Amino acid sequence: MASSSYNPSILLKRIFSLNETSPLILSLDTIAQTSKNLLNEFVYCSSTNKDITIVYISFETINRPSYATNFIDASSLKLQDLISTLRTYLPSPQEKVAGKFLVIIDSINYISNTNLSQFISSIASPNITFLVNFHKDMPELNDNENGIHYPSSFELLHFMAATILEVEPQFSDTVEEEDVRSNLSKFIIPKGMNNSTYMLTLTNKRKSGRSINYQFTINSDTHEYEIFKDMNEIEDNVNNENPEALQDLATFNLSTSAKQKKAKDQVELPFLEAQSFNTGGAIVYEFEKDDDYDEEDPYEDPF
Amino acid sequence: MSGLQRQDLILFSDQSVISSQLCDGNSNDMILVTHTAATLPTWLVNALVETKVLGAPFSLKTDSTPSSNAQKSSRNDPLITIASFVHNADYFDKNLSKLKIGKNDYKMVDLFTDFVVNNIGKPKDKIISDILGSFLVDTGSTIVLEQPEILLSLIEGLTSDELSLWFITPLMKKCGLLIVVTSTELYFNNTPYESTQDKNILDHSRFTAACTYKSLAVLNLKPLETGRAKDVTGTLRITRGGAHDSHPNIHVVENEFLYLTQKDSTKLFYR
């Protein structure tokens with residue numbers, strides 16, 4: 001399936017070094033494993049590229065990281081002031097610039113759900129990659145300004161992000177995961193959390209609309225990324241064909257060749273065009289000669 | 001318990017309780033102390049104050065006494081400020097005098113006495129800025145802040161984000177090390193905060209989470225899971241916080257101790 005054409009470790013390195021096109025990268029963490037080490041991987045992998053400008057927007061971090069080209073302390077800024085400050089460090093969408101810009105937001109939980117999409121859209125631009133950190137275990141206070149059915153910040157970011165990186169601690173065999181989660185919900189942090197070796201789940205949304213998922217073990221000290229689980233293969237095994245089982249069942253070929261699988265991956269599904277929002281929502285109605293149109297009936301007007 | 005060997009308290013890899021690298025004027029850090037009603041942190045706060053004033057937590061040490069080894073700072077200004085929403089100045093004066101720490105060795109900001117009477121009717125931003133005004137800017141100093149989460153109940157309309165961004169962050173900028181002492185009693189016996197819609201619980205847990213993400217180390221005091229025991233009061237667990245990597249030369253040494261508090265003394269034992 002989709003996984004067949006990508007080497008997971010190379011894909012991850014491309015994401016870390018900002019060579020994979022992804023305007024919004026969402027990093028998900030918890031108090032058990034914060035994304036500080038993950039941010040360092042981005043810095044480590046992109047350090048060879050001298051043309052990268054790192055703008056660090058901080059709601060949480062007081063001490064300016066040494067790798068930040070520009071540091072914005074957002075804790076005392078109103079949203080509009082933050083946007084205008086940020087714009088002074090970034091090129092305008094029309095401007096052509098040679099280098100790349102990485103904007104790290106630590107963390108986006110402090111931007112209210114009501115303003116979230118407006119904030120992202122107002123500063124998005126080509127050449128800029130946003131690395132947005134979101135704490136999954138920080139409960140969201142829903143002000144319901146946009147209505148009770150408006151998606152949560154987590155859902156919005158999940159939808160908008162092209163790449164999602166979720167960090168989790170690596171549990172040893174002797175530790176009961178359920179006990180750890182129960183303790184964490186009481187803010188009792190077990191020993192061995194926030195380690196330099198941790199699990200990373202990568203979700204990468206392809207242009208075709210498919211998303212590919214891998215789980216890695218990351219060692220931040222040695223910068224080694226080891227594939228732990230190819231979640232696409234697991235999914236394929238559960239849902240899809242087993243070529244051996246399909247043999248000799250019929251006089252024609254039921255299985256799919258590698259070439260056919262690749263072609264199938266590259267098909268752009270019809271709903272993707274509907275998501276581009278190019279056509280708007282106009283109702284196109286043409287009268288025909290037999291149509292009976294009553295001008296005095298307000299409900300009759302098809303427009 | 002008497003057969004077990006007593007242990008000394010160590011938080012950082014340079015064998016210190018509060019590393020000298022934390023208050024060097026170049027960084028602003030936080031340590032979070034969490035506790036429940038059954039495991040009050042008075043002894044631990046005293047030990048941290050003692051460390052700043054006398055150089056080591058002699059009240060917990062196995063082989064030293066303050067009179068023989070204490071090395072007071074030569075600074076004129078106190079190295080530590082204590083601010084509390086749950087105890088008044090007399091409480092700390094009484095406790096610390098037993099450890100041979102005089103009133104001039106620390107600065108006390110009493111946020112407990114008449115807090116509501118003094119602030120009733122004031123806008124929330126004014127109350128917060130008035131509290132902040134009680135602290136001097138000194139990046140070489142340490143501030144101990146007891147139970148700031150009480151402000152969520154005392155100030156009408158104050159949200160957890162406002163408490164974090166308007167109060168905790170500016171206070172961190174005023175000192176080298178901020179030690180926040182907070183109660184986790186709310187989550188201890190109730191349903192997990194993930195499954196509640198109670199705005200108060202959500203606000204409190206959001207604040208506690210925000211503090212955890214900002215902290216270098218988390219010191220958790222919790223009672224025994226098996227109930228009461230005559231020879232153990234609870235456990236002290238030292239773990240890394242969300243900002244654990246902000247000092248490359250030192251790291252938090254994770255550890256877990258059993259402790260026993262009797263009258264005026266506390267003993268630590270390795271678990």
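The values are calculated or read from the model by the stated rules, or taken from the named source; none is laboratory data. Since the structure is predicted, the reported quantities are computational estimates derived from the model, not experimental observations. Positions of Cβ are generated from backbone atoms using ideal geometry, with glycine treated the same way; all protein chains shown enter the neighbour counts.
In this entry, B:Lys199 is excluded by the filter for residues that are modelled with pLDDT of 90 or more and surrounded by fewer than 22 Cβ atoms within 10 Å (Cβ to Cβ).
Scanning region B:147-173 for residues that are within 14 Å of chain A (Cβ to nearest Cβ) and in a helix (DSSP H, G or I) yields a count of 16. Pairs meeting the criteria (first residue in region B:193-204 and acidic (Asp, Glu), second residue assigned to a helix (DSSP H, G or I) and at pLDDT 75 or above, beta carbons under 6 Å, at least 6 apart or on different chains) are B:Asp203/B:Leu152; B:Asp203/B:Ser160. All conditions but one from (1) closer than 19 Å to B:Thr182 by Cβ; (2) without any contact (Cβ under 8 Å) to a residue 60 or more places away in the chain; (3) surrounded by 15 or more Cβ atoms within 10 Å (Cβ to Cβ) apply to B:Pro148; the one that does not is (2). Take the residues in region B:41-60 that are closer than 19 Å to B:Phe269 by Cβ and outside any helix (DSSP H, G or I), then tell me which one is farthest from the other protein chains (Cβ to nearest Cβ). My answer is B:Phe58. Could you check region B:97-132 and list, in sequence order, the residues that are under 19 Å from B:Pro148 (Cα atoms) and in contact with a helix residue (DSSP H, G or I) (Cβ under 6 Å, 6 or more places away or on another chain)? Those that are under 19 Å from B:Pro148 (Cα atoms) and in contact with a helix residue (DSSP H, G or I) (Cβ under 6 Å, 6 or more places away or on another chain): B:Met108, B:Asp110, B:Asn119, B:Ile127, B:Ile128, B:Leu132. Checking each residue in region A:93-133 for being of a type in the set (Phe, Trp, Tyr), in a strand (DSSP E or B) and closer than 27 Å to A:His149 by Cα picks out only A:Phe130. Tallying residues that are surrounded by fewer than 17 Cβ atoms within 10 Å (Cβ to Cβ), among the hydroxyl-bearing types (Ser, Thr, Tyr) and more than 20 Å from B:Lys230 (Cα to Cα) within region B:1-51 yields 2. Mind listing just one residue for me: the one in region B:211-225 that is outside any loop (DSSP other than H, G, I, E, B) and more than 7 Å from every other protein chain (Cβ to nearest Cβ) and, of those, surrounded by the most Cβ atoms within 10 Å (Cβ to Cβ)? Once the filter is applied, the top-ranked residue is B:Cys211.
Inspect all residues belonging to region B:230-253 and state whether any of them is more than 28 Å from B:Asp29 (Cα to Cα) and part of a helix (DSSP H, G or I). Scanning region B:230-253 turns up no residue that is more than 28 Å from B:Asp29 (Cα to Cα) and part of a helix (DSSP H, G or I). Applying a threshold of 7 Å to beta carbon distances and a minimum spacing of six or more residues, or different chains, the list of pairs starting in region B:226-249 at a residue that is more than 13 Å from chain A (Cβ to nearest Cβ) and ending at one that is among the hydrophobic types (A, V, I, L, M, F, W, C) reads B:Asp231/B:Met1; B:Asp231/B:Leu260; B:Val232/B:Met1; B:Val232/B:Leu224; B:Val232/B:Leu258; B:Val232/B:Leu260; B:Thr233/B:Leu260.
Selection of region A:61-92 for residues being in a strand (DSSP E or B) and in contact with a Pro (Cβ under 8 Å, 6 or more places away or on another chain) yields only A:Phe71. The residue of region A:146-169 that is farthest from B:Ala243 (Cα to Cα), among those that are in a loop (DSSP other than H, G, I, E, B) and within 14 Å of chain B (Cβ to nearest Cβ), is A:Ile148. A:Leu39 meets each of the listed conditions (1) within 19 Å of the chain's Cα centre (by Cα); (2) part of a helix (DSSP H, G or I); (3) more than 10 Å from chain B (Cβ to nearest Cβ) apart from (3). For region B:218-239, filtered to residues that are of a type in the set (Lys, Arg) and within 15 Å of the chain's Cα centre (by Cα), the residue that is modelled with the lowest pLDDT is B:Lys222.
Conditions tested, residue by residue: (1) buried (at least 18 other Cβ atoms within 10 Å of the Cβ); (2) within 25 Å of the chain's Cα centre (by Cα).
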| site | (1), (2) |
| --- | --- |
| A:Tyr150 | no, yes |
| A:Ser153 | yes, yes |
| A:Leu156 | no, yes |
| A:Met160 | no, yes |
| A:Val167 | yes, yes |
| A:Glu177 | no, no |
| A:Arg181 | no, yes |
| A:Phe187 | yes, no |
| A:Met193 | yes, yes |
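Please indicate, with yes or no, whether at least one residue in region B:254-268 is under 12 Å from B:Leu11 (Cβ atoms) and either part of a helix (DSSP H, G or I) or at the interface with chain A (Cβ under 9 Å from one of its Cβ atoms) (or both). The answer is yes; a qualifying residue exists.
Report yes if A:Leu12 is within 12 Å of chain B (Cβ to nearest Cβ), assigned to a helix (DSSP H, G or I), touching a residue at least 12 places away in the same chain (Cβ under 8 Å) and out of contact with any Gly (no Cβ under 8 Å at 6 or more places or on another chain), otherwise no. For A:Leu12, the condition - within 12 Å of chain B (Cβ to nearest Cβ), assigned to a helix (DSSP H, G or I), touching a residue at least 12 places away in the same chain (Cβ under 8 Å) and out of contact with any Gly (no Cβ under 8 Å at 6 or more places or on another chain) - is not met.
Only one entry in A:Met138, A:Met199 is in contact with a Lys or Arg (Cβ under 6 Å, 6 or more places away or on another chain) and either part of a helix (DSSP H, G or I) or at pLDDT 90 or above (or both), namely A:Met138.
For region B:226-271, the set of residues classified as out of contact with any Gly (no Cβ under 9 Å at 6 or more places or on another chain), β-branched (Val, Ile, Thr) and crowded, with 20+ Cβ neighbours inside 10 Å consists of B:Thr233, B:Ile238, B:Thr266, listed by residue number. Within region A:54-70, identify whether any single residue is surrounded by fewer than 20 Cβ atoms within 10 Å (Cβ to Cβ), farther than 17 Å from B:Ser215 by Cβ, in contact with a Lys or Arg (Cβ under 8 Å, 6 or more places away or on another chain) and away from every other protein chain (no Cβ under 11 Å), and answer yes or no. Within region A:54-70 (the criterion being surrounded by fewer than 20 Cβ atoms within 10 Å (Cβ to Cβ), farther than 17 Å from B:Ser215 by Cβ, in contact with a Lys or Arg (Cβ under 8 Å, 6 or more places away or on another chain) and away from every other protein chain (no Cβ under 11 Å)), the answer is no, since none of the residues qualifies. Taken together, the criteria exclude B:Thr113 from residues that are in contact (Cβ under 8 Å) with a residue 60 or more places away in the chain and either crowded, with 20+ Cβ neighbours inside 10 Å or outside any helix (DSSP H, G or I) (or both).
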